[in-house]
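For reference, the structure is listed below as structure tokens.
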Amino acid sequence: MSNYHRLLFAGVGACALLSVGGTAFAAAPATTDEIVVTADRTGLLERKPTTSVFGLNKPLIETPRSASFVSDTTLERYGIQTLDKLAAVSPGTYTASFYGVAGSVEIRGSLAENYFRGFKRIEDRGTYSTPIGDAAQVEIVRGPPTPLYGPGKIGGLVNFIPKSSKDEGHYLSAPTGEITATMGSYQKKNLTGQVGLPVSFGPVEGGIYAYGEADDSHSYYRGIYPKHQMAEISADFDLGSGWSVAFGGMGYHSQGDVQTPGWNRLTQSLIDNQTYTTGRDTTLTASPGATSITANQTTPSSYLGYYCSNILHGYPCLYTAAGAGLYQSYSKTGQSADNRFVLDTGVGTTKLDRRTVYVSKADNSRTGTATYYFDAVKELSNDSSIKLQLFYDSLSNKRYVSYGFPADYHAWTTEARLTYNFKLSAFGGAVTSANFVGWSDRHYQGEQKESYNSGVIALDRRDLSYGPTATDVIDPKSLGWETDIKSHTNDVGVFATTDITVLEKLDVILGGRYDSFTVSSTDTGILSYDAAAGKANKDKWTGTASITYKLPFGFMPYVTYAKDSALEIEQAGGIKPNNIISGGWLSDSDLIEGGVKFQLLHRSIVGSVAAYRQNRTQLSGLASNVQHLRAEGVEYEIRYLATDNISFTLTGDTQRTTVIGPDHSFVYVPAYTAGVAGVNAYGGAYAVFDFSQLPGRGGNYDYSLIPHSVVSLTGSYTTNAYSWGKAGATLGATYASKTSGLVQNAVTYPDYTIVNGSLFYQHGKYEVTANITNLFDTLYFTPDQDTYANVGAIPGRGREWSVTLKRKF
């Protein structure tokens, strides 16, 4: 961290200390159904309990697990528009680049799952940018999902709560709404509108809420022009006689949200000085007038045409061979090995502009999603109720990345859930419990078509300073669908959780699930190295146990243990037949966590400190190997209402994630790993079929794609309301330590600090907000993930600004 950035953090921290004398007061919770908060002008404190962590209606500050929430006000004041920016308000959520598309976040070093109102959505690993504009609240849970939600990864989840007509537990009393128009740098254009209407007829009371958004913007990166439209509607009604219903849906469509690996031809000089190696290989030729090259013009016999190197262990390079191997693609019969990969035209160096990334006019992506839900609740008494919930989510995506990766995904999932909630007490109320038991049935069906195994992918072939040419853009029609996976999964489960409180001090939470899984999958691709079909079923117990104790002065130490299982799913939620046959389709994970939560000075300071150790899995490489990870770390989060006008947030984590070897994944590697100079190699590609055969990677190794330390500090100021209106400002900084690729002696990406700010002015029904991100235009990099983690990195977005005009009615 530079001296300048240390001064910035110190300055904001000093302001926090100086403001202690004017502490704002907020009343303690009145009941578990309502939390009364005053003088919280940036939406930092909870206003109602949540069911996201354990499925119990419980405030996060009293929940013995590490979790955060972000209100719509905080999202607006902090300028958070995409999921990958949550690190400013939630520890442990730094996310490496999934090819420039903010589909999901990483929590505690592993990809998290996205939920909508407590139901798991179709997997989104950079397929599209997950929308959060309609969020009333975003909840981040670090650790496994509650037994209520079903089995899931131990790392964590993000739960999206949409806006509705039921505001903080009460129906709207009058119509409300707003429209916004945003413009900004790089031709940013965004329109939103929302309206809430109270509805009552006879004994029925309720309301309807609708939201719409249209975005048609260019990107910071040249050649990428994403646009999207979304609409959401919800209805909530109290029908009388203890009955209530809620139902609604959300539709989303995007176009141009294309994936990019960012920069190729990685060297330390490129990262440190932006010195890029130029040059092109003219060995290959496309058809006259063509804008792309076909697969048979690169490698006429698939893997059989490869030149095999003896640099690593001398194994043959066929995909079916055991052990390690290197292949160099773009080979051509009758040519020497050197000519296949040597840059022979325009060789030299240049300074690469950070807005220039790997993209061509041929790149495209089109996505559609549809989400629907229905809840029916019957209050049986003051202490018991029964709830039926139905959920549906679908995904359709067609994409093409011009280095040779077309994909076509179609998937849908349904879930039904029945829950009985009840409370018990004993010993004159000295011991109480909140409980639920229930049943769920989740079904998934999807088809995943992809092409990338034929060897035509060579990320370094394109000279980014020159731009795309016909011989580095692969014609997708020439590839065919090498993998065509059709998957079906079904999970029927029963679950239960109890929250036992003794003398209003000691709190014990016990929960568990029993699931019966059935999975089947077929692969009918034309060049698949997967099994043709697989089918399996398995039953599994999972559970969690937590204990916390309320000490004087607002401190609540806790410890929690959880053991969970999850399906090992692909990008669109399917399962490869090989993983079914090998038994790797269902993986176990566990977590032990301890910490302390606190609420001080009449809840003007709330926060937590937690230490954890978790073991979990993820898929890795083209063959989707099941990779085992162990993560250890410490997280902290503090939210401070210093005065009626000033507030601060501090979040941070120190973590280390280790890949448990040996890791047999297939991955692309930089040419220098094989001891080959870039100018003699960038015309093709290098890969290892067994990562563990690389020097220094035979056992465990550090998962260095994410920083060991991330710290965010933000301060906000809001004036009192005057005759001229009110105004406010927010300034924050996020520091991330260095990262690197995964091979030995990999390129290192330096640590950095990003400063963001916003201003707003409100008068009557009008409000104008100005946001600026990366205020000092800091250059930073985030490495790619998965197969290309060692050969691609995306330069961070530079300074961007936007201005939003809002009109309420």
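Tabulated data for the structure shown
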| quantity | calculated |
| --- | --- |
| Which numbered condition residue 289 misses (of (1) over 36 Å from the mean Cα position of the chain (by Cα); (2) open to solvent by 30 Å² or more (accessible area, probe 1.4 Å); (3) within 25 Å of residue 527 (Cα to Cα)) | (3) |
| Entirely in the range 337-411, the strands (runs of 3 or more DSSP E) that have 1 or more residues that are of a type in the set (Val, Ile, Thr), modelled with pLDDT of 95 or more and under 30 Å from the mean Cα position of the chain (by Cα) | 364-381 |
| Members of the range 183-198 found to be more than 24 Å from residue 235 (Cβ to Cβ), among the aliphatic types (A, V, I, L, M) and either within 24 Å of the chain's Cα centre (by Cα) or crowded, with 16+ Cβ neighbours inside 10 Å (or both), listed by number | none |
| Meets criteria (at pLDDT below 85 and surrounded by fewer than 24 Cβ atoms within 10 Å (Cβ to Cβ)) for residue 82 | yes |
| Residues (of a type outside the set (Asp, Glu), more than 18 Å from residue 417 (Cα to Cα), open to solvent by 10 Å² or more (accessible area, probe 1.4 Å) and in a loop (DSSP other than H, G, I, E, B)) located in the range 105-127 | 125 |
| Filtered residues of the range 754-809 (kept if part of a strand (DSSP E or B), under 21 Å from the mean Cα position of the chain (by Cα) and more than 25 Å from residue 189 (Cβ to Cβ)) | 781, 782, 783, 784, 793 |
| Which numbered condition residue 704 misses (of (1) modelled with pLDDT of 95 or more; (2) closer than 30 Å to residue 403 by Cβ) | (1) |
| Some residue of the range 278-286 being β-branched (Val, Ile, Thr), at pLDDT below 95 and within 29 Å of the chain's Cα centre (by Cα) | no |
| Per-region count, the range 88-97, residues under 10 Å from the mean Cα position of the chain (by Cα) and either of a type in the set (Val, Ile, Thr) or closer than 18 Å to residue 132 by Cα (or both) | 3 |
| Conditions (1) crowded, with 22+ Cβ neighbours inside 10 Å; (2) farther than 30 Å from residue 590 by Cβ; (3) under 28 Å from the mean Cα position of the chain (by Cα); number of the one not met by residue 474 | (3) |
| Criterion: surrounded by 15 or more Cβ atoms within 10 Å (Cβ to Cβ) and over 22 Å from the mean Cα position of the chain (by Cα) - qualifying residue of 595, 583, 573 | 595 |
| Residue count for the range 539-573, restricted to those that are of a type in the set (A, V, I, L, M), more than 30 Å from residue 408 (Cα to Cα) and assigned to a strand (DSSP E or B) | 5 |
| Hits in the range 167-182 (condition: open to solvent by 80 Å² or more (accessible area, probe 1.4 Å), part of a strand (DSSP E or B) and more than 30 Å from residue 798 (Cα to Cα)) | 167, 170 |
| Residues of the range 59-71 satisfying the condition of being open to solvent by 10 Å² or more (accessible area, probe 1.4 Å), within 18 Å of the chain's Cα centre (by Cα) and over 16 Å from residue 146 (Cβ atoms) | 71 |
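Residues are listed down the side, and each one gets a yes or a no for (1) of a type in the set (A, V, I, L, M); (2) out of contact with any Asp or Glu (no Cβ under 9 Å at 6 or more places or on another chain):
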position	(1), (2)
705	yes, no
734	no, yes
754	yes, yes
758	no, no
762	no, yes
778	no, yes
786	no, yes
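The values are calculated or read from the model by the stated rules, or taken from the named source; none is laboratory data. Everything numeric in this text was worked out from a predicted model, so none of it was measured. Note: ideal-geometry Cβ built from the backbone for every residue, glycine included; neighbour counts use all protein chains shown. Note: areas computed on protein heavy atoms with side chains; ligands, DNA, RNA excluded. Shrake-Rupley method; radii C 1.70, N 1.55, O 1.52, S 1.80 Å.
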